[in-house]
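J.: Below you will find the structure I want to go over with you.
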Amino acid sequence: MNDDAFLRITDLSVGYGATRVLERLRLSIARGEFVALLGASGCGKTTLLRAIAGFVTPSAGAIAVAGRDVTRLPPDRRGMALVFQSYALWPHMSVAKNIGYGLKLKGLPRAAIERRVGEIEALLGLSGLGGRKPGALSGGQRQRVALGRALAVDPQILLLDEPLSNLDARIRLKVRHEIRALQQRLGITAVHVTHDREEAMAMADRVVVMEAGRIAQAGTPEEIYNRPASAFVAAFMGAENMLALNGTVRGEHIHIAAGPHYGAAEVPLDGRALASGALEARFRAEAVQLQAHDAPPATEGLALSGHVEAVSYLGGAWRHSVRIGQTPVFADAEHSLAPRTAVRLTIPAEKLFLFNTPSPSGAAAPADDTHPTATRATRPDRVREAAIS
Amino acid sequence: MPPPLLGLLLVLPALVVVLLLFVVPLGASVAGAFVVGDGVGLGNFVKTFALYTPDIVFTVLIVSLSTALIGTFAIAIGGYLTLGENPRAVAILRWLYRWPMFIPFIVVGQVLRTFLAKNGLMNNVLIAAGLITPLDAASFLDWRGIVIAFVWKQTPFVALLVAGAMASVDRGTIEAARNLGASRARILVEILVPQVATTLMVSLVLSFVTMMSVLSVPLMINAQSPTMITADIAFRINAYGDYGVANALGLVSLAISACAAIVYLRHSVRERT
């Protein structure tokens with residue numbers, strides 16, 4: 001944990017009634033850093049943001065800004081401003097009134113408010129719209145007014161609660177770069193909640209992936225994308241293809257034993273703490289090299305054999321659904337291969353993510369074959385259910 | 001049969017009922033206000049204003065004051081239900097505030113008559129508590145009694161509509177104001193009430209019109225002069241069989257109600273532009 005943390009969250013727990021939403025969560029954010037909280041619905045990312053903002057009271061733990069404990073302070077005394085998912089603009093006030101309201105509450109003279117509102121409008125490209133009501137603005141303009149309202153009070157920390165989710169796809173791509181550029185220009189510390197991994201990577205210095213109220217992994221976008229710390233993070237970052245394998249650690253390598261649908265392979269450990277035994281392998285569709293069954297292998301790595309089941313064009317690449325034994329996987333290729341073609345899939349070692357399968361009992365996934373169903377089925381409880389039914 | 005004709009046929013029963021039971025009697029009343037002896041004239045109105053001008057003013061003042069108080073209390077109740085931070089107090093208030101809605105006006109009048117009289121419950125309690133002496137005890141059975149009865153009876157209705165509208169306001173707009181440092185009172189006045197202004201106005205206009213038409217409360221609480229127009233209408237008909245003046249008084253109260261509706265319409269038009 002870095003010592004020059006500007007926003008420090010220590011052992012934060014939050015619960016609604018009997019359900020625990022956040023569990024002893026720790027996170028440090030440096031001054032001027034842009035952090036994205038990334039996770040699926042219900043993982044606690046919005047609750048964490050609301051706890052930081054002061055709208056949710058934690059049951060335990062502390063939140064400190066620049067060394068000052070703010071855990072019990074009301075939302076307006078924390079030096080933070082929140083941009084809401086719904087924008088939450090006041091429909092009865094003009095754009096200028098919306099942006100200037102925080103300054104009016106601070107008791108600033110009218111001239112000072114008008115000057116600051118003018119600055120903010122110019123900064124966000126809202127000049128000339130000051131007299132309009134929010135109802136007469138486009139989605140992108142409303143989003144900027146919400147941002148302007150938060151920035152007008154000059155907060156130390158800007159909190160963004162899925163601010164782009166109500167925009168249509170094209171505007172979203174533009175706005176995310178605008179917000180990132182603005183954040184860098186102002187040097188403001190920002191915490192951004194999103195469920196969109198591309199958005200998180202494009203905007204943030206650091207991505208914090210959350211799973212069930214805990215931090216699954218925190219790191220730069222590259223680290224999260226290329227070196228996921230768990231099968232969950234790998235899957236969330238797009239490595240949806242899953243195989244159950246069996247491996248043995250030998251020195252700095254892990255040796256994967258050959259199975260009915262795949263050949264043996266040597267994968268460098270590369271600092272990963274893997275143990276011999278059942279492995280969960282994850283890889284992205286675009287990491288696969290897809291070839292006809294009899295073509296000479298072009299790269300080294302784990303080779304799988306199977307049949308093409310379906311093909312669709314995604315733009316840029318053809319996505320093939322390939323059945324490896326019982327397991328369907330997706331593989332991208334520049335040229336399409338017809339359904340029922342026998343194919344070989346090669347996954348380069350550096351793009352093959354390996355994790356030890358959590359298997360407390362002997363009923364774990366069979367290690368010598370690919371597993372019948374995708375993604376979550378390696379959880380021992382589900383395997384047992386499947387075995388019974 | 002062409003579709004427009006079929007449509008007309010389908011609404012015909014409802015239309016006939018409205019025409020026969022509502023429009024025709026209303027038209028007859030309005031026309032009746034102008035019937036003097038065998039001819040037509042403004043005699044009924046001359047008599048009405050000569051006899052009842054103080055009562056008309058009294059009615060307008062009473063109903064306006066009651067409307068203002070009802071609005072204030074309804075905003076306070078709705079605001080507390082929406083912004084209150086003590087869940088138990090909010091639950092109790094939510095359970096309690098609607099009760100007067102289910103009590104008829106005549107019962108309200110009767111209850112308040114025994115409560116507000118010179119030797120009524122209110123004064124007895126105040127005397128027992130040592131707050132006033134028996135000599136200071138005064139009857140509230142005058143304009144104050146009517147206002148208290150109206151406010152007591154109509155506040156829950158307006159509060160119900162206002163609280164419902166407040167509950168459907170985007171919570172984010174409240175939190176955004178809190179985030180910037182607004183107190184609860186400022187949030188209520190500057191954020192919440194403007195967003196429910198239309199509902200507030202509609203329910204206050206409805207309340208105004210309802211109070212204009214209540215006969216039982218002025219009869220029970222304040223039968224002396226000046227009294228409200230409804231009591232005068234009843235008196236003209238029951239005591240004299242004078243339908244002309246009664247119709248003229250009815251038209252006057254219709255005009256007063258229309259004024260309230262116009263105030264509301266102008267307000268809502270301004271909101272929209």
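Only the coordinates and a few stated rules stand behind these numbers; no lab work does. If you're wondering where the values come from, they're calculated on a predicted model, not measured in any experiment. Please note: Cβ atoms are built from the backbone with ideal geometry, for glycine as well, and neighbour counts cover all protein chains shown.
J.: For the stretch A:140-211, take every pair of Cα atoms, bin their distances at 5 Å starting from 0, and report each bin as a whole percent.
T.: P(r) for the stretch A:140-211, in whole percents per bin: 3, 14, 31, 27, 17, 6, 1.
J.: Still on this structure: Return an integer: the convex hull volume of the alpha-carbon atoms of the stretch B:144-273, in Å³ per residue.
T.: Working: hull volume 15.7 nm³, N = 130.
Spelled out: Cα convex hull of the stretch B:144-273, divided by residues, is 121 Å³.
J.: Once R0 is set to 41 Å, what does the formula 1/(1 + (r/R0)^6) return for the Cβ-Cβ distance between A:Asn166 and A:Glu119, expressed as a FRET efficiency to the nearest 0.05?
T.: Computed FRET efficiency for A:Asn166 and A:Glu119: 0.95.
J.: Considering the Cα positions of chain A, please state its Rg to one decimal place and its Dmax as a whole number of Å.
T.: 25.0, 79
J.: Along the Cα→Cβ direction, 7 angstrom out, place labels at B:Asp136 and A:Asn226. What is the inter-label distance in nm?
T.: 8.6 nm
J.: Let me ask something additional. Once you place label points 7 Å from the Cα toward the Cβ at B:Val125 and B:Thr210, how far apart are they in nm?
T.: Going by the 7 Å Cα→Cβ label model, 2.4 nm.
J.: Connecting C-alpha atoms closer than 10 Å in a GNM of chain B, tell me which of B:Asp38, B:Asp55, B:Asp142 has the biggest fluctuation.
T.: B:Asp38
J.: Further question on the same structure: Could you line up A:Lys351, B:Lys153, A:Lys133, B:Lys118 from fewest to most neighbouring Cβ atoms inside 10 Å? Walk me through the intermediate numbers first.
T.: Details: A:Lys351 18, B:Lys153 25, A:Lys133 15, B:Lys118 12.
Least to most surrounded, the residues fall as B:Lys118, A:Lys133, A:Lys351, B:Lys153.
J.: Output needed: percent of Cα pairs per 10 Å distance bin for the stretch A:5-226, bins running from 0 to the one holding the longest distance.
T.: For the stretch A:5-226, the pair-distance distribution reads 8, 34, 36, 19, 4, 0.
J.: Using Cβ counts within 10 Å as a stand-in for footprinting exposure, how do B:Val63, B:Val17 rank, fewest first? Walk me through the numbers on the way to the answer.
T.: Numbers: B:Val63 26, B:Val17 10.
Fewest-to-most ranking of B:Val63, B:Val17: B:Val17, B:Val63.
J.: Can you give the local net charge around B:Pro54? Use residues other than it whose beta-carbon is closer than 15 angstrom to its beta-carbon, Lys and Arg +1, Asp and Glu -1. Walk me through the intermediate numbers first.
T.: Working: positive: B:Lys47; negative: B:Asp55, B:Asp142, B:Asp232.
For residues surrounding B:Pro54, the net value is -2.
J.: Additional query: Divide the volume of the convex hull of the Cα atoms of the stretch A:82-165 by its number of residues and quote the answer in cubic angstrom per residue. Each step should come with its number before you reach the end.
T.: Working: hull volume 7.2 nm³, N = 84.
Convex hull volume per residue, Cα atoms: 86 Å³.
J.: Let me ask something additional. Once you put a point 7 Å from the Cα of A:Ala66 and another 7 Å from the Cα of A:Glu211, both along the Cβ direction, what distance in nm separates them?
T.: With each label placed 7 Å out from Cα toward Cβ, I get 3.7 nm.
J.: Next question, about the same structure. GNM on chain B, C-alpha springs below 10 Å: top fluctuator among B:Ala255, B:Ala91, B:Ala129?
T.: Largest GNM mean-square fluctuation: B:Ala129.
J.: A further question on this structure: To two decimal places, what compactness ratio does the stretch B:138-190 give when its Cα radius of gyration is scaled by 2.2 N^0.38 Å?
T.: Numbers: Rg = 17.1 Å, N = 53, 2.2 N^0.38 = 9.9 Å.
This ratio for the stretch B:138-190 stands at 1.72.
J.: What's the percent breakdown of Cα-Cα distances in chain B across 10 Å bins, shortest bin first?
T.: Values per bin, smallest distances first: 6, 21, 25, 24, 16, 6, 1, 0, 0.
J.: Another question about this same structure. In what sequence, highest mean first, do A:163-174, A:207-218 appear when ranked by Cβ atoms within 10 angstrom? Spell out each step's value before the answer.
T.: On the way: A:163-174: 15.2, A:207-218: 20.9.
With the highest mean Cβ count within 10 Å placed first, the list reads A:207-218, A:163-174.
J.: Quick one: dipole size for the protein assembly as shown, taken about the Cα centre, charges +1 on Lys/Arg Cβ and -1 on Asp/Glu Cβ, in debye to the nearest 20.
T.: Numbers: 61 positive and 49 negative charges, 323 e Å.
Taking the Cα centre of the protein assembly as shown as origin, the dipole is about 1540 debye.
J.: From the residues B:Pro100, A:Gly263, B:Leu9, which one has its Cα farthest along the dipole of the protein assembly as shown in the positive direction, the dipole being from +1 and -1 charges on Cβ of Lys/Arg and Asp/Glu about the Cα centre?
T.: The listed residue farthest towards the positive side: B:Pro100.
J.: Please report, in Å, the Rg and the Dmax of the protein assembly as shown, where both are computed over Cα atoms only.
T.: 36.8, 121
J.: Tell me, what is the FRET efficiency for A:Leu173 and B:Val11 to the nearest 0.05, using R0 = 41 angstrom and their Cβ-Cβ distance as r?
T.: Details: r = 53 Å, r/R0 = 1.29.
With R0 = 41 Å, the Cβ-Cβ based efficiency is 0.20.
J.: Let me ask something else about it. Rounded to the nearest 20 debye, what is the charge dipole size of the stretch A:5-226 about its Cα centre when +1 sits on each Lys and Arg Cβ and -1 on each Asp and Glu Cβ?
T.: On the way: 31 positive and 20 negative charges, 151 e Å.
Computed charge dipole of the stretch A:5-226: roughly 720 debye.
J.: Same structure again: Evaluate the charge dipole of the stretch B:42-272 about its Cα centre and quote only its size in Debye, nearest 20, assuming +1 on the Cβ of each Lys and Arg and -1 on the Cβ of each Asp and Glu.
T.: Values: 16 positive and 10 negative charges, 70 e Å.
Dipole about the Cα centre, nearest 20: 340 debye.
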